[in-house]
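Participant: My questions will all concern the structure given below.
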Amino acid sequence: MSQRNPKAPADGSADPTGPSRADWEKPAPGNRSEQAAEQIAALAAGREPGGRLGTKEELRTLCGVSVGTFNETLRLLQARGVVTVRPGPGGGLFAATPSPMVRLGNSVLALDSQQTDVADAVRVRDALDPLLVQDALWHGSPADFAELRKHLAAMARAVDSDDPVAFVHANWGLHARIAAISPNTLLRSLYESLLELIESHTLSVLPSGERPLAEYIRERYELHAALVDALDARDKDAALRLVAAHNTAAERNV
């Protein structure tokens, strides 16, 4: 006979298979909404799609967070396709059936875990760059281009301080911000996932000792600055020419 959950209401309405603290490890210090999201995601991973995880209040209490923090946690989980919420009696949080987008993200993560050659990821990313550049030309706002220039400034600081690792991270930040302009969710998500994979191997895409590193990163900065100028000026021909030059140069140094 199963033991009664001590947290369950006296009327016995709570799900006896609801979560317990043993279902997850104690979270590390950090953002509480993210920690709670990870805890509930771990619980959902152990259930079949559609399996009940518990009521909002049960899960909030077990995560030890405030109502406001749990609402943010719930937003994160729903956006990531981890849980669904059903109202009414017998409702609560349920393990979601992974959407095609979530499965795509899992596939990219699987590639990373298999140590996929970074050159393959760069090649796919390069093929997507012209699409994102065209979206940025069409949809970019003055505020978007101001944000791009902030990333350029970070790249310039890395060049001046001769810090190639900081430069590469700032470079990926610029590319991610260009991708963020696109209204195409699938294109944007795939591109951002590829960037994350490439960034995890960031030192692998720096040039070899055959060429001075300082010279290389300064040239890359100037190319990116010209690309942002072309986007800001809505100069399609120049922007596509520059992104082609960007990708050709990157291939030579992967």
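Participant: Looking at the structure I just gave you, is PHE70 assigned to a helix (DSSP H, G or I), modelled with pLDDT of 85 or more and not charged (D, E, K, R)?
Facilitator: yes
Participant: Sort out which residues of the stretch 165-187 are crowded, with 20+ Cβ neighbours inside 10 Å, part of a helix (DSSP H, G or I) and not aromatic (Phe, Trp, Tyr), and write them in order of number.
Facilitator: Listed by number, the residues that qualify are VAL168, ALA170, ASN171, LEU174, HIS175, ILE178, ALA179, ILE181.
Participant: I've got another one for you. What do you reckon, is ALA143 in a helix (DSSP H, G or I), modelled with pLDDT under 85, of a type in the set (A, V, I, L, M, F, W, C) and out of contact with any Cys (no Cβ under 9 Å at 6 or more places or on another chain)?
Facilitator: no
The values are calculated or read from the model by the stated rules, or taken from the named source; none is laboratory data. Small disclaimer: the values here were computed from a predicted structure and weren't measured. Every residue, glycine as well, gets a Cβ built from its backbone with ideal geometry; the counts of neighbours run over all protein chains shown.
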